[in-house]
Amino acid sequence: MGVRKQKTADARKEANKSRYFAVLKNCPTSPRKMRLLADLIRGKEVFMALNILKFNPKEASGRLEKLLTSAIANFEAKTGERPENSNLIVKEIFVDSALQMKRLRTAPQGRAHRVRKRSNHVTIVVDSKKVATPAVENNNQEETTK
């Protein structure tokens, strides 16, 4: 590996030490179906998101629930704090398409139709919500009005 690539790889590793995330690769669900669930929990508090996923009837919700639990555990391992005390939220969640298995399905008159069995990659990033104190906000507003 060259010097330039080594420096960028080291910088990326240092940046990931302060990020709390979990990644699910090659999940055998179509990305479109997984994005429906991802949109439900994006920006929500972690425990509210876990409840949403727990009681959702879709099959992919079990996988996302397990992934979110893993992201919370990664937060605990890196910081040593309890997630209840730190106001964790789902900061980012994104679903990317992965490999497709291509199969053939018989069709009339000797033809064949292609069936694409899709899979996806999911990444969840959790972070503690910054709670601003009201006294600081009031001081900033008074300074801007003067």
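The values are calculated or read from the model by the stated rules, or taken from the named source; none is laboratory data. These numbers come from a predicted model, not from an experiment. Don't worry about glycine lacking a Cβ; one is built from the backbone with ideal geometry, like all the others, and counts go over all protein chains shown.
For L88, the conditions (1) of a type outside the set (K, R); (2) closer than 16 Å to A49 by Cα; (3) surrounded by fewer than 17 Cβ atoms within 10 Å (Cβ to Cβ) are fulfilled apart from (3).
Conditions (1) surrounded by 10 or more Cβ atoms within 10 Å (Cβ to Cβ); (2) modelled with pLDDT under 95, marked per residue:
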{"site": "T79", "(1), (2)": "yes, yes"}
{"site": "M101", "(1), (2)": "yes, no"}
{"site": "H113", "(1), (2)": "yes, no"}
{"site": "K117", "(1), (2)": "yes, no"}
{"site": "N120", "(1), (2)": "yes, no"}
{"site": "T123", "(1), (2)": "yes, no"}
{"site": "A132", "(1), (2)": "no, yes"}
{"site": "V136", "(1), (2)": "no, yes"}
{"site": "N139", "(1), (2)": "yes, yes"}
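Right, Q109: over 24 Å from A15 (Cβ atoms), assigned to a helix (DSSP H, G or I) and out of contact with any His (no Cβ under 6 Å at 6 or more places or on another chain) or not? Spelling it out, Q109 is indeed over 24 Å from A15 (Cβ atoms), assigned to a helix (DSSP H, G or I) and out of contact with any His (no Cβ under 6 Å at 6 or more places or on another chain).
Residue-by-condition table, conditions (1) part of a loop (DSSP other than H, G, I, E, B); (2) hydroxyl-bearing (S, T, Y); (3) more than 16 Å from H121 (Cα to Cα):
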{"position": "G62", "(1), (2), (3)": "no, no, no"}
{"position": "I72", "(1), (2), (3)": "no, no, yes"}
{"position": "R82", "(1), (2), (3)": "yes, no, yes"}
{"position": "V90", "(1), (2), (3)": "no, no, yes"}
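Kindly indicate which of S86, S70 is polar (S, T, N, Q) and either under 23 Å from T29 (Cα atoms) or touching a residue at least 60 places away in the same chain (Cβ under 8 Å) (or both).
Going through S86, S70 in turn, the sole match is S70.
Do we have any residue at all in the stretch 14-22 that's polar (S, T, N, Q) and at pLDDT below 95? Yes. Evaluating M34 against the criteria (1) loosely packed, with under 11 Cβ neighbours inside 10 Å; (2) touching a Leu at 6+ places or on another chain (Cβ under 9 Å) leaves one unmet condition, (1). Within the option set V95, V23, being β-branched (V, I, T), out of contact with any Lys or Arg (no Cβ under 7 Å at 6 or more places or on another chain) and assigned to a strand (DSSP E or B) holds for one residue only, V23. Here A60 clears all of (1) farther than 27 Å from V115 by Cβ; (2) surrounded by 13 or more Cβ atoms within 10 Å (Cβ to Cβ) except the condition numbered (1). Taking the stretch 28-55 as the range and being farther than 13 Å from E65 by Cα and either among the aromatic types (F, W, Y) or touching a Ser or Thr at 6+ places or on another chain (Cβ under 6 Å) (or both) as the test, the residues that pass are P28, P31.
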